[in-house]
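Enquirer: Pasting a structure here, questions to come.
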Amino acid sequence: MCSVEFPATAFLGLSSPLLKPGTHGFAIDVPQLSLLQLARDRQRRIRRGILEDFAALVDLTEFTNEMCGSYGRDPWDPLRGACTYGLRPLQRLEDFSGFLAGCSRMRGVALARQAAHLAVESAASPMESLLALLLSLPPELGGIGLEKPLVNQPLDLGPSGRGVQHRRLRPDLYFPGLELALEYDSGEWHDLAEQRREDVRRMQDYAALGIVACPIVFDDLRTPAAAETLLARVISSSSRHMGKRLARERLDLLGDPELRARRRILLRRLLPRGRRPPECAS
């Protein structure tokens, strides 16, 4: 029997016109409680030696990304199943942090808090979440330690928007302090000629705004080596704001064997199974 006292916001009451009169309906866990329960489950697996600490953290962070994003993996088969897009985000990151602040004595709360701290909001796909983590996780967790990006947020063009061809620009990932925008091309355009024209117009607009834009395709993440090359390219593009010394330190860390192993875990846990490279397979 569970004797833990959950916060008052831990459950969401539901009712249905199909229920008999006088029936009180039922309650389901809110996403924050689901994260905490997942953290407790992952801790049990870690203690049994069937799951690595970092793999557990990646799983929990991706769950939080999904709850705060507009995509949904197949709940029965998250890696192999189809992904649904264009959903309404269920929560904001502040909802997770506020809920977990009231769960100090519960098992798994430290791991859940760490995941919520690392997660991002507003990702529209698993690939955007993966990119955001690779770029914003601290080096000791396999990332390159950039600031947490704004994801799918419209840019304020302001007076500098003169000469820009688009009325609104909304990069997939934007790092304001670095004036760096990343655009992920899923390759789903049917009119390739129009895609090329649109890509050129967007790159011209970013240049007019003084923003460095990095277009990215799936092949940039297909293998650990390709991902490392992408990260090196991003670091080099950011060196003007990052500083040459820090950029050099980040580039040197890319070759660290332990950090490479963590990037492999990120790719293995987050890339859809049908698209994962052989060297990421477990």
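The values are calculated or read from the model by the stated rules, or taken from the named source; none is laboratory data. Keep in mind it's a predicted model, so treat the numbers as computed, not measured. Don't worry about glycine lacking a Cβ; one is built from the backbone with ideal geometry, like all the others, and counts go over all protein chains shown.
Enquirer: Can you tell me which residue within segment 158-178, out of those that are without any contact (Cβ under 8 Å) to a residue 24 or more places away in the chain and in a helix (DSSP H, G or I), is surrounded by the fewest Cβ atoms within 10 Å (Cβ to Cβ)?
Expert: Looking at residues that are without any contact (Cβ under 8 Å) to a residue 24 or more places away in the chain and in a helix (DSSP H, G or I), I get Pro159.
Enquirer: Which members of segment 239-255 meet the condition of being surrounded by 14 or more Cβ atoms within 10 Å (Cβ to Cβ) and charged (D, E, K, R)?
Expert: Glu249, Arg250
Enquirer: Here's a follow-up. Among residues belonging to segment 97-119 that are out of contact with any helix residue (DSSP H, G or I) (no Cβ under 7 Å at 6 or more places or on another chain) and either crowded, with 20+ Cβ neighbours inside 10 Å or not small (Gly, Ala, Ser) (or both), point out the one that is modelled with the lowest pLDDT.
Expert: That would be Arg105.
Enquirer: Output the residues belonging to segment 42-76 that are in a helix (DSSP H, G or I) and of a type in the set (D, E, K, R).
Expert: Arg42, Arg44, Arg45, Arg47, Asp53, Asp59, Glu62, Glu66
Enquirer: Please indicate, with yes or no, whether at least one residue in segment 71-78 is within 18 Å of Ala39 (Cβ to Cβ), surrounded by 22 or more Cβ atoms within 10 Å (Cβ to Cβ) and outside the structural domain of Pro171 (by TED's automatic domain parsing).
Expert: So far as segment 71-78 goes, no, none of its residues is within 18 Å of Ala39 (Cβ to Cβ), surrounded by 22 or more Cβ atoms within 10 Å (Cβ to Cβ) and outside the structural domain of Pro171 (by TED's automatic domain parsing).
Enquirer: List pairs: first residue in segment 55-82 and free of Cβ contacts under 8 Å to residues at least 40 places away in the same chain, second residue in a helix (DSSP H, G or I) and among the charged types (D, E, K, R) anywhere in the structure, Cβ distance under 7 angstrom, at least six positions apart or on different chains.
Expert: As it stands, the answer is Gly72/Glu66, since those pairs meet every condition given.
Enquirer: Filter segment 126-157 down to the residues that are surrounded by 18 or more Cβ atoms within 10 Å (Cβ to Cβ) and touching a Gly at 6+ places or on another chain (Cβ under 7 Å) and list them by number.
Expert: Listed by number, the residues that qualify are Ser129, Leu133, Leu134, Leu135, Ser136, Leu137.
Enquirer: Using the structure shown, decide if Ala132 is outside any loop (DSSP other than H, G, I, E, B), out of contact with any strand residue (DSSP E or B) (no Cβ under 8 Å at 6 or more places or on another chain), within 17 Å of Asp59 (Cβ to Cβ) and hydrophobic (A, V, I, L, M, F, W, C).
Expert: No, not satisfied.
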